[in-house]
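Supplied in C-alpha cells, the structure appears directly below.
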Amino acid sequence: MSSPDTNLDEVSEGHEPVADPARDAIVASLADQLGDGLVASEVLAGTDVWVRVTTDSWLATATVLRDTCGMAYFNFLSAIDWMPSPFGRDMDAQVDLVGADESQVDPEPMTWGVTGGATRFQMIARVHDPVCHIGVTVKADLDADDPRVDSWMPVYPGADWHEREAWEMFGITIVGHPNLVNLYLPSQFEGNPLRKDYPLLARRVKPWPGIVDVEAMPGDGDGDAADEGGEGS
Amino acid sequence: MTDVSNRNQLAYIAAQASDARVNVEFETEGMTLNLGPQHPATHGTLRVIVKLDGERVLRADPMMGYMHRGYEKLAEVRTYPQVTTLVNRIDWLGSFANEVPFILAAERLMEVEAPPRAQWIRTILFELSRIANVILFLGDMGVQLGAVTPVFFAFRDREFVLNQIEAVTGGRFHPNFDRIGGLKDDIPKGWTEETTGVLGRIRTFCDEMEDLVTGNEIFQARPRGIGVIPAEVGLAYGLSGANIRGSGVDWDLRRDGGVGLAHDQVDWKVWTHPDGDSFSRYWVRLQEVREACGIIEQLLGGIPSGPVMAKVPRIIKVPAGEAYVETENPLGVMGYYVVSKGDLVPFRVKIRSASFSNISITPWVLEGAYVPDVVSILASLYFILGDIDR
Amino acid sequence: MGLVENGKMPKPLTALLNISRKYSLWVYQWGLACCAMEMGAAFASPRYDVMRLGVIPFPASPRQADMVVISGTVTDKMAPVVRRLYEQMPEPKYVISMGSCAHCGGPYWDSYSVTKGVDQIVPVDVYVPGCPPRPEALLEGIVLLQERIASEDMTDRWTRDPIVVS
C-alpha cells in the first residue's frame, strides 16, 4: 500500500520520470488480460494513469479493473467530443462570429489529449482503488457517425446515470442499458448539448458582453487586446 | 431522554421499532406517490416517483434536471478565472470548496503551486465551508424526522460562519476567492481570533445537537436500521463522503488524496461508522463538524507567513494537457477532469459532483423501504440539487 | 372579493382590507437554487426573522398563499411547474423574483436549459437583484411590497411598474 505522502514527495523532488510500480502494475495486468485491446497507456508517476482501450474491450476493461486491480470504486463516466468548435473560440474572438460564413473557415485539425485518439468521440471513465488510493482513467474511441459502446452497468451499477447522461449529452448509444431516457433535459429537447457543434443560441444572437471590457485602461497606453483573460491576476 | 452510551437500551428501542413494522401481508393495490419537484424534503427540486404497495416502496425513480444549468457546456466558453465564478454555485452551501479542485487541476496543468500561506488559508476556508454546509444538514435531518427546532439552531450558528467567510472573501455565499496560483487576498487583521470564537459556538452547537437530536428517543429509533448500504454496494455506486464512511469504508481524500491542501500538517481523525444506515451517516457528519473545528483551530495557530499568490501570468493560458483533481468536499468527492488545449478557455470540463453519485443509489436503497422512511433516507444521503443536476 | 377587484368598495373599507393584507402575507417559499438558502436564512433564521414584518412563511400549499418568492434559477423544465403553481394561488397574489437567475438568467445567460427570466412566465411585482441577494435585500423587497399593498387600489393593480430593490 503506497501512502499518498510518498507519492507527493516523488513528484515534488524532481520532474524526472520516477518509477511508479503500483501504476505500472495496473497497466501491465491490463495489457496481460486485454491483449490487443489495450491501445495505449501513459503513467504520470506518482499522480495519475491513463489507458486507452478499443471499443470492443470497453466492458472487459471494467471487469479486469474491478476483479484484478481492486478498483472497487466507480468514480465517473462521461465522454469527450474532440472536434474543435465550428463556431470558433468564443472567448478569444474579438468580433462576434455571427454571420461569418462558417463554411469558409478552415476547420481546425483535431488533436487529442493524453494517450491520443483516432475519432471524434471518446468515452472516458475513471475508477478508483479505495485501499491503495490509485485512480485509473480509461478511454475508448467511438465511431464518429454512430457512436455506441457497451454499458458498464453489469460491472459497476453506479454507471447507470452516468451513461444516461452521456447518451443525452453526446448522443452515444449505450448498448445494454435498460433505461436510456432523458436525465436532465425535457423530453422534447432536441440535440445533444455537449457536442461541440451544438450552438449556444444566446451567444449567437448577442456577442459575449465581456468583449466590451477589452478597451485599454486609461493611462495604459499599449492596451493589450486580449485583456479579458487578466481578471484573475 | 435515552442514554446514548447504553447499547442495550438502544437495541431495545430499535427492536420495538422493527416489531412495529412487522405487519400481516394484505392484498393491496399499488399506488404511485409523487414527491416533488417542490417538496420540503427534497432540498430544492428533486422529484421522486415512488411506486407503493401499501406502505412499502416497490420502486423509486428520482427525476432530476429541474435544476440543470449546463455547467459543463458553459465552462467551455468561459476563461479559467471565470469558471470559478460559475462552479461556486454547484454546491451552494459550501461554495468555496467547489472552487478548490478546479483551481488545483488548473494549477497542475500550469505547473504552478500556491505558496504555503495560500494553501493554509485555502484549507481553513475549505473547512469553514464544510461547517457551513454540514451544520445545515444536522438541523435539516431533525426536520425530516419531525423536529423543527434544530434547523433554527443551525441557521443561527451558520450565520457566524458565513460572517467569517465574508470577512475574508467579501462574499457571504459565493466567495470566488480562489485564484490559480494562490488566493485573491490575505486574511484581515484580527480574523483568527474571531474565528476561534466562532469555532467555540460551533462546538456548542454540536453539543446541543447531541443532546437535542442524537439523544432523543425518536431519533434513536427511527433512522436506525433503515437505508442500510453495504460498503461494496456503496463503492460500486460511487458513493463518497460521509455516506461511504458511514458504511465503514475508511477513505477520506483529505488524508489519502495528497493534493495541495494543508490537511496533512495537522492532527485529525477520519470518522467511520460500521452500520451503514441513516443514523450512521448522520453520526459521521456530526463528528466531522467537530473534527473540522479541530482542523481549523490547529491551522489558525500556525499559518506560515509569506505571500498568498504565486507568480502567474496576467492572462492565464493553461498549457495543453489533461488533469483530474478531486477533493473531499462537504458532500463527498468532487473532482474536475479538465482538458486544455492551451487556450484561454478549457476545452472540456467534466464535473464529477458528489451528490450525483450519492443520489444515484436511491432506486437501490429505497426499494423495500417504508413510506415514512423514504424522507429520512433521502435526507441522510444529503444532497444539494445544484450538485446533482449541475 | 369581486367588489374589491372592481374597485367598488368604500375607501375606508379598502384601506382596512389593505392593512389586513399587508400584515398577514402568507408567503410560499419557492426555493429553486442558491437563493433558496438566503431565503431560508431570511425566513427561518432567528437573525433576520421575517415574521416580525407580518409575513408568515408556512403555507402548506400555494392555494393558501398570498405571495410567492421565486428564488433561483428557473429552467425550461421547471417553467411549466412555476406557471401551474402561480395559477393555483388565489387572487390577489404577488410575486417576488429573487436573484439574477430569476430575473434574466444571471450567470447562465447563455445556457441551453435556463429560462431567461421568470417574468416571461408569471407577472413579477418585486425584483430583488443579487447573486444571491442578502437576506436583508429580500426583507427590503418585502417591506416595499407591503408599502405598495397599503395604498393599493385594485383597479390599477396591473398597471403599475414592478418594484426594483436597489
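Every read-out reported here was derived from the displayed coordinates using simple, explicitly stated rules and does not represent laboratory data. Keep in mind that this is a model prediction, so the values were computed, not measured. Positions of Cβ are generated from backbone atoms using ideal geometry, with glycine treated the same way; all protein chains shown enter the neighbour counts.
What shape does the protein assembly as shown take by its C-alpha gyration tensor, where a ≥ b ≥ c are the square roots of the eigenvalues and a/c under 1.5 counts as rounded, a/b above b/c as prolate, and the rest as oblate? Numbers along the way, then the final one.
Details: a/c = 1.44, a/b = 1.20, b/c = 1.20.
Since a/c stays below 1.5, the shape of the protein assembly as shown is classed as rounded.
Would you work out which of B:ALA114, B:SER240, B:MET334 lies farthest towards the positive end of the dipole of the stretch B:70-389? Charges go on Cβ: Lys and Arg +1, Asp and Glu -1.
Going by the charge dipole, the pick is B:ALA114.
Out of residues 5 or more away from B:ILE226 or on other chains, whose amide H comes under 5 Å of its own, with H placed 1.01 Å from N in the peptide plane?
Correct list: B:SER278, B:PHE279.
In terms of Cα to Cα distance under 16 Å, which lysines are near enough to B:LYS269, apart from those fewer than 8 places away along the same chain?
Qualifying lysines at Cα under 16 Å: none.
Mind scanning B:LYS184/B:LYS317; B:LYS73/C:LYS116; B:LYS73/B:LYS311; C:LYS77/C:LYS116 and naming the pairs with a C-alpha gap bigger than 21 Å?
B:LYS73/B:LYS311
On average, how many beta carbons from a partner chain sit within 10 Å of the beta carbon of a residue in B:154-160? Numbers along the way, then the final one.
On the way: counts 2, 10, 5, 1, 5, 6, 1.
The mean count of partner-chain Cβ atoms within 10 Å per residue comes to 4.
Along the stretch B:142-159, what does the Karplus equation 6.51 cos²θ - 1.76 cosθ + 1.60 (θ = phi - 60°) give for ³J(HN,Hα), rounded to whole Hz, x for Gly and Pro?
In residue order, the calculated couplings are x, 4, 5, 9, x, 9, 8, 4, x, 5, 5, 4, 5, 5, 4, 7, 5, 4 Hz.
To continue, here is another question. Angle check, please: helix C:79-88 long axis (alpha carbons) against the longest principal axis of chain C (alpha carbons), in degrees 0 to 90, nearest 10.
Orientation of helix C:79-88: about 20 degrees from the principal axis.
Using the 10 angstrom Cβ neighbour count as an exposure proxy, how do A:GLU168, C:GLU38 rank, fewest first? Write down the numbers at each step before the final one.
Working: A:GLU168 21, C:GLU38 29.
Result, fewest neighbours first: A:GLU168, C:GLU38.
Say each of B:ALA167 and A:ASP32 gets a label point 7 Å from the Cα, pointing the same way as Cα to Cβ; how far apart are those two points in nm?
In this crude label model, B:ALA167 to A:ASP32 measures out at 5.8 nm.
Just tell me how shielded B:318-330 is by partners: mean number of partner chain Cβ atoms within 10 Å of each residue's Cβ, no decimals. Please list the in-between numbers first.
Details: counts 0, 0, 3, 3, 12, 4, 9, 2, 5, 0, 0, 0, 0.
Per-residue shielding by partner chains comes out at 3.
Just from its helices, what would the mean residue ellipticity at 222 nm be for chain C, if runs of 4 or more DSSP H residues each count -39500 (n - 2.57) and the sum is divided by every residue, rounded to the nearest 500 deg cm²/dmol? Display every interim value, and only then the final one.
Working: 6 runs with 59 residues, N = 166.
Dividing the helical sum by the residues of chain C leaves -10500 deg cm²/dmol.
Could I ask something else about it? Per residue of chain B, what 222 nm ellipticity follows from adding -39500 (n - 2.57) for every DSSP H run with n ≥ 4, rounded to the nearest 500? List each step's numbers first, then the result.
Numbers: 16 runs with 183 residues, N = 390.
That comes out to -14500 deg cm²/dmol.
Something else about it: Packing-wise, with mean Cβ within 10 Å as the measure, how do B:105-114, A:35-44 rank, highest first? The partial results should precede the final answer.
Working: B:105-114: 20.9, A:35-44: 16.3.
Going from most to least packed, we get B:105-114, A:35-44.
List, in order, the whole-Hz ³J(HN,Hα) value for each residue of the stretch A:41-47 obtained from phi through the Karplus relation with A = 6.51, B = -1.76, C = 1.60 and θ = phi - 60°; use x for Gly and Pro.
Values, residue by residue: 8, 8, 10, 9, 4, x, 10 Hz.
I've got another one for you. Taking H as built 1.01 Å from N, whose amide H comes closer than 5 Å to the amide H of B:GLY241, not counting residues under 5 places away?
HN-HN under 5 Å from B:GLY241: B:VAL333.
Taking amide hydrogens as modeled 1.01 Å from N in the peptide plane, which residues meet the under 5 Å criterion relative to A:ALA79, leaving out close sequence neighbours?
Hits under the 5 Å cutoff: A:ILE124.
How much net charge surrounds C:TRP26 when only other residues with a Cβ under 11 Å from its Cβ are counted (Lys, Arg +1; Asp, Glu -1)?
Values: positive: C:ARG21, C:ARG63, C:LYS93; negative: C:ASP66.
Residues close to C:TRP26 contribute a combined charge of +2.
Whole-Hz ³J(HN,Hα) for each residue in the stretch B:167-174, computed from phi via Karplus 6.51 cos²θ - 1.76 cosθ + 1.60 with θ = phi - 60°, x for glycine and proline: what do you get?
Calculated HN-Hα couplings, in order: 4, 7, 9, x, x, 6, 10, 10 Hz.
Moving on. How well do other chains shield peptide A:181-188, expressed as the mean number of their Cβ atoms within 10 Å of each residue Cβ? Could the numbers behind the result be given before it?
Values: counts 1, 3, 7, 14, 8, 10, 1, 1.
Per-residue shielding by partner chains comes out at 6.
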